[in-house]
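Here's the structure we're looking at; comments come further down.
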Amino acid sequence: MKSIQDFSFEGEGRGLQNRLAQMFDPESGRTVMLAVDHGYFQGVPKGLEDIRKTVEPLLPYCDALSPTIGGLRTLDPWSRVPIILRATGGNSLERREELDDEIVTVSIDEVVSANAIGFTASVYVGLPRQRQTMENLVSLINEASTYGLIAIGITAVGDKLKGLFKSEKGKQLQYIRDASRILAENGAHLIKTYYCDGFEEVVESCLAPIVIAGGTLRPTKEALEFTSDAIQAGAVGVDMGRNIFQSENPVAMIQAVRAIVHDGYTPASAHDLYQELSKRKAEKR
Ligand code: 5RP
């Protein structure tokens, strides 16, 4: 297992290190980020119809929150949970074949003005707009370095690459490993990517710490299993969305995820916790 303390940010200055300290648990050195940025390309995702209603009960269990600028405006500004703002977009599921056609949608001034501690930017390695999306990330990093903001690079995959994963075993690991390293080499402080078999290799060859996204909703047990596998393999946390807020019981699910990330629960014991918390909630009704 790894923690943020296994990575050196000494050359980065005090501001960046302090912002990292805000989103990483001091004991475990890991983080549970809640991703609620899906509307930027999905429109009205299930579970995020009313972002504020979804997010508020989950906030006590978040180490950081990843919304869009529009989503953030609906939330309580008095919340103390650190914000990582999505800074790229411009595409939508309406034109699936152009999912990689992203631009910078939020400026560094807006990130600073929202008092966010950092931003996310998607890069579509291997897709036609690879260069454009890499330029989005690096231009944001360069501008943000004055302020010590945390840059999270997302290894985003369009439909084309999803097909490749299904057809050739081993391709997924190779892709995720190389894409993660490319984003780290280009200056991302943290990498957000997807779990795959052989994830130790991704962690070992990436220069930066990794948090995993959850992907589409999976059965609770399965989601807790891949979360645990990722942490065991060396991920320093999660930036998870659908597997939490689309869960039958999001508040129980985020606590089960925390138990794995911070407290070393096995997937089975985290699942027991999920069931116990869900039962208690049902009894209260
Ligand atoms: C797309 C994204 C998503 O919008 C989101 O943050 C992913 O979260 P999850 O897969 O856990 O729902 O980053 O690239």
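Details
- Cβ-Cβ under 9 Å pairs, at least 6 apart or on other chains, the range 33-48 side at positive phi, far side more than 9 Å from the ligand (Cβ to nearest atom): 43/92; 43/93; 43/94; 47/54; 47/247; 47/250
- Each residue in the range 43-62 was checked for being part of a loop (DSSP other than H, G, I, E, B) and either within 18 Å of residue 217 (Cα to Cα) or away from the ligand (no atom under 15 Å from the Cβ) (or both), and 8 pass.
- Single unsatisfied condition, residue 281 versus (1) assigned to a helix (DSSP H, G or I); (2) within 14 Å of the ligand (Cβ to nearest atom): (2)
- Pairing residues of the range 246-262 that are free of Cβ contacts under 8 Å to residues at least 12 places away in the same chain with residues that are surrounded by 19 or more Cβ atoms within 10 Å (Cβ to Cβ) and assigned to a helix (DSSP H, G or I), at Cβ distances under 7 Å and at least 6 apart in sequence or on separate chains, gives no pairs at all.
- Candidates 280, 258, 181, 242 - the one that is over 25 Å from residue 85 (Cβ atoms) and not aromatic (Phe, Trp, Tyr): 280
- Residue within the range 260-270 that is within 16 Å of the ligand (Cβ to nearest atom) and farther than 23 Å from residue 174 by Cβ present: yes
- Scanning the range 95-108 for residues that are in contact (Cβ under 8 Å) with a residue 60 or more places away in the chain and not polar (S, T, N, Q), we see that the one that is farthest from the ligand (Cβ to nearest atom) is 97.
- Sole residue being at pLDDT below 95 and either more than 18 Å from the chain's Cα centre (by Cα) or surrounded by 12 or more Cβ atoms within 10 Å (Cβ to Cβ) (or both), chosen from 102, 12, 27: 12
- Count - residues of the range 151-195 that are under 16 Å from the mean Cα position of the chain (by Cα) and modelled with pLDDT of 95 or more: 19
- The set of residues in the range 232-255 that are part of a helix (DSSP H, G or I) and more than 15 Å from the ligand (Cβ to nearest atom) comprises 232, 233, 251, 252, 255.
Each row is one residue, and each column tells you yes or no for (1) within 24 Å of residue 162 (Cα to Cα); (2) touching a residue at least 12 places away in the same chain (Cβ under 8 Å); (3) more than 14 Å from the ligand (Cβ to nearest atom).
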| site | (1), (2), (3) |
| --- | --- |
| 75 | no, yes, yes |
| 84 | no, yes, no |
| 93 | yes, yes, no |
| 110 | no, yes, yes |
| 117 | no, yes, yes |
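Yes/no per residue for (1) under 21 Å from residue 55 (Cβ atoms); (2) among the aliphatic types (A, V, I, L, M):
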| residue | (1), (2) |
| --- | --- |
| 183 | no, yes |
| 192 | yes, no |
| 203 | no, yes |
| 214 | yes, no |
| 225 | no, no |
| 228 | no, no |
| 232 | no, no |
| 236 | no, yes |
| 246 | yes, no |
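- Pairing residues of the range 211-238 that are more than 18 Å from residue 154 (Cβ to Cβ) with residues that are within 10 Å of the ligand (Cβ to nearest atom) and among the charged types (D, E, K, R), at Cβ distances under 8 Å and at least 6 apart in sequence or on separate chains, gives 217/242.
- Residue within the range 8-26 that is in contact (Cβ under 8 Å) with a residue 24 or more places away in the chain, out of contact with any helix residue (DSSP H, G or I) (no Cβ under 9 Å at 6 or more places or on another chain), away from the ligand (no atom under 16 Å from the Cβ) and assigned to a loop (DSSP other than H, G, I, E, B) present: yes
- Some residue of the range 219-231 being surrounded by fewer than 21 Cβ atoms within 10 Å (Cβ to Cβ) and touching a strand residue (DSSP E or B) at 6+ places or on another chain (Cβ under 7 Å): no
- When 200, 185, 168, 204 are checked against the criterion of being farther than 26 Å from residue 67 by Cβ, of a type in the set (D, E, K, R) and touching a helix residue (DSSP H, G or I) at 6+ places or on another chain (Cβ under 7 Å), a single residue qualifies: 200.
- Selection count where residues are among the hydrophobic types (A, V, I, L, M, F, W, C) and not in a loop (DSSP other than H, G, I, E, B), scope the range 63-84: 6
The values are calculated or read from the model by the stated rules, or taken from the named source; none is laboratory data. Given the structure is predicted, the values throughout are model-derived calculations rather than measurements. When we count neighbours, we look across all protein chains shown, and the Cβ atoms used for this are built from the backbone with ideal geometry, even at glycine.
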